[in-house]
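Student: The structure's right below; bear with me while I get my questions together.
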Amino acid sequence: MSTSINKFTTTSFLKAKKEGKKISMLTAYDYPMAKLLDEAGIDCLLVGDSLGMVVLGYETTLQVTVDDIIHHCKAVARGAKRAHITADMPFLSYHISVEESVRNAGRLIQEGGASAVKLEGGRNVIDNIKAIVNAQIPVMGHLGLTPQSINMLGGYKVQGTTLDQSKKLIEEAELLQQAGVFSIVLECVPEKLAKLISEKLDIPTIGIGAGKYCDGQVLVTQDMLGIYSDLKPKFVKQYAQLGNTISSACTQYISETQQQQFPAAEHSFTIDDEILAKLY
Ligand code: KIV
């Protein structure tokens, strides 16, 4: 008897918004974490370009390549049975030309095993979004703090705090919806502005540092598990302190190795004494 898995799909995002069910999303970059998060019931796994910072140790996300995302997305796809997988389009993979944008988005689907792509920006990338959607590739938008624009924004700051900025954010969210995106990440946006945008749109908003009124939430897994400590954004809630757990496990292992307490008999293999005697 086969048990069918009720996969979370692009249409599940829209259904969730209609039914008022909040969407849960976390980042994943490898097989074991994807499997754990999938089994816990997460709706969407994002193979984010945050990979560059929290896994590869770069200072920003700008060094991440399409090949990096594909490599990690393949592992995530092997681990996830139910969760929807969205892959980030990294810096410069959707800026040079419409053709290149479609080709790169296609690679994330065909080679990476993702079901959708996410890209940052509004009006500046609208033609690229339309072309990707035309190629039948679902697109998730990303507005507000867009880390690939860090050098233009001058730092990781809250966006949409002035009247002009807020109007622009609302306009761009509507523009993205018209272009055919199936959801939009709102990053570092005041809670009440994110609420207004969420109410204006038919598609779901997924917030990160955008308050509780968004239609879903996303966090970087390494942040919420307390594994990555180089940056601690205000919007992160640490649900576990795995960094501390890993450190103390490692300290104990070092000490037990030095004291010859590890490996114990139960971790070792035996050989017949008669065979052993013939070896001496
Ligand atoms: O790359 C990433 O992890 C992201 C999230 C912060 C939304 O884009």
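Since every read-out is calculated from the coordinates, none of them should be taken as a lab result. What you are looking at is a predicted structure, and each value in this text was computed from that prediction instead of being measured. Quick reminder, even Gly has a Cβ in these numbers, built from the backbone with ideal geometry, and neighbours come from all protein chains shown.
Student: Determine the gain in length on full extension of the stretch Gln258-Lys278; use 0.36 nm per residue of separation and subtract their C-alpha separation, reporting nm with one decimal. Please report the intermediate quantities before stating the final value.
Tutor: Numbers: separation 20, 0.36 × 20 = 7.20 nm, distance 3.08 nm.
Contour length minus the Cα-Cα distance gives 4.1 nm.
Student: Quick query: amide H of Cys188 versus all other amide H atoms, modeled in the peptide plane; which residues come in under 5 Å with a sequence gap of 5 or more or a different chain?
Tutor: The list, which skips near neighbours in sequence, is Leu145, Ile208, Gly209, Ala210.
Student: Just report the Cα centroid separation between segment 80-97 and segment 161-177, whole Å.
Tutor: 23
Student: Once Lys and Arg get +1 and Asp and Glu get -1 on their Cβ, which of Thr65, Ile132, Ser93 lies farthest toward the positive end of the dipole of segment 8-165?
Tutor: Checked the options; the winner is Ile132.
Student: Here's something else I'd like to know. State which entries of Lys35/Lys237; Lys74/Lys232; Lys74/Lys118; Lys7/Lys81; Lys22/Lys195 exceed 18 angstrom in Cα-Cα distance in the structure shown. Mind dumping the intermediate values first?
Tutor: Values: Lys35/Lys237 22 Å; Lys74/Lys232 28 Å; Lys74/Lys118 16 Å; Lys7/Lys81 7 Å; Lys22/Lys195 13 Å.
In this structure, Lys35/Lys237; Lys74/Lys232 exceed 18 Å between Cα atoms.
Student: Give me Ile137, Ile170, Ile129 ranked fewest to most by other Cβ atoms within 10 Å of their Cβ, as a rough exposure proxy. Please list the in-between numbers first.
Tutor: Details: Ile137 20, Ile170 17, Ile129 26.
With the fewest neighbours first, Ile137, Ile170, Ile129 line up as Ile170, Ile137, Ile129.
Student: Right, next: Provide the net charge surrounding Met25, with neighbours chosen by a C-beta distance below 14 Å and charges set as Lys +1, Arg +1, Asp -1, Glu -1. Write down the numbers at each step before the final one.
Tutor: Details: positive: Lys17, Lys21, Lys22, Arg82, Lys118; negative: Asp38, Asp43, Asp88, Glu187, Asp215, Asp223.
In short, -1.
Student: Related question: Are there any trypsin sites (Lys or Arg not before Pro) in segment 38-86 that are in a DSSP loop and have at most 15 other Cβ atoms within 10 Å? List them by number.
Tutor: Working: sites: Lys74, Arg78, Lys81, Arg82; in loops: Lys81, Arg82.
Passing sites in segment 38-86 are Lys81, Arg82.
Student: With +1 assigned to the C-beta of every Lys and Arg and -1 to the C-beta of every Asp and Glu, and no other charges, what is the dipole magnitude of the chain about the Cα centre in debye, to the nearest 20? Walk me through the numbers on the way to the answer.
Tutor: Working: 27 positive and 31 negative charges, 226 e Å.
Dipole of the chain, to the nearest 20 debye: 1080 debye.
Student: If each residue's Cβ is checked for other Cβ atoms within 10 Å, how do Lys118, Lys15 rank with the fewest at the top? Don't skip to the answer; put the middle values down first.
Tutor: Values: Lys118 25, Lys15 13.
Exposure proxy ranking, most exposed first: Lys15, Lys118.
Student: To continue, here is another question. Averaging the inverse of every distinct alpha carbon separation and then flipping it gives the Kirkwood radius. What is it for segment 174-280, in angstrom units?
Tutor: Working: mean 1/r = 0.0542 Å⁻¹.
Result for segment 174-280 stands at 18.4 Å.
Student: Please order Leu186, Leu56, Leu145 by the number of other Cβ within 10 Å, starting at the fewest. Present the calculation step by step, with values, prior to reporting the outcome.
Tutor: Working: Leu186 29, Leu56 14, Leu145 24.
Fewest-to-most Cβ neighbours within 10 Å comes out as Leu56, Leu145, Leu186.
Student: Pick from Ser12, Ser255, Ser198 the residue whose mean-square fluctuation is largest in a GNM of the chain, springs joining Cα atoms under 10 Å.
Tutor: Comparing Ser12, Ser255, Ser198 in the GNM, the peak value goes to Ser255.
Student: Another question, then. How much mean residue ellipticity at 222 nm does the chain get from its helices, if each DSSP H run of length 4 or more adds -39500 (n - 2.57) and you divide by all residues, to the nearest 500 deg cm²/dmol? Intermediate results must be reported in sequence, preceding the final value.
Tutor: Numbers: 12 runs with 119 residues, N = 280.
Helix contribution divided over all residues of the chain: -12500 deg cm²/dmol.
Student: Which of Leu219, Leu163, Leu143 moves the most in a Gaussian network model of the chain with Cα springs under 10 Å?
Tutor: Leu163
Student: Let me know the Rg and Dmax you get for segment 1-128 when you use only its Cα atoms, in Å.
Tutor: When restricted to Cα atoms, segment 1-128 yields Rg and Dmax of 15.0, 51 Å.
Student: Based solely on C-alpha atoms, express the radius of gyration and the Dmax of segment 66-122 in angstrom.
Tutor: Both quantities, over Cα of segment 66-122: 11.1, 34 Å.
Student: Considering every Cα-Cα pair within segment 10-241, what fraction, in whole percent, is farther apart than 25 Å? Don't skip to the answer; put the middle values down first.
Tutor: Numbers: 9040 of 26796 pairs.
Summing the P(r) of segment 10-241 above 25 Å gives 34 percent of all pairs.
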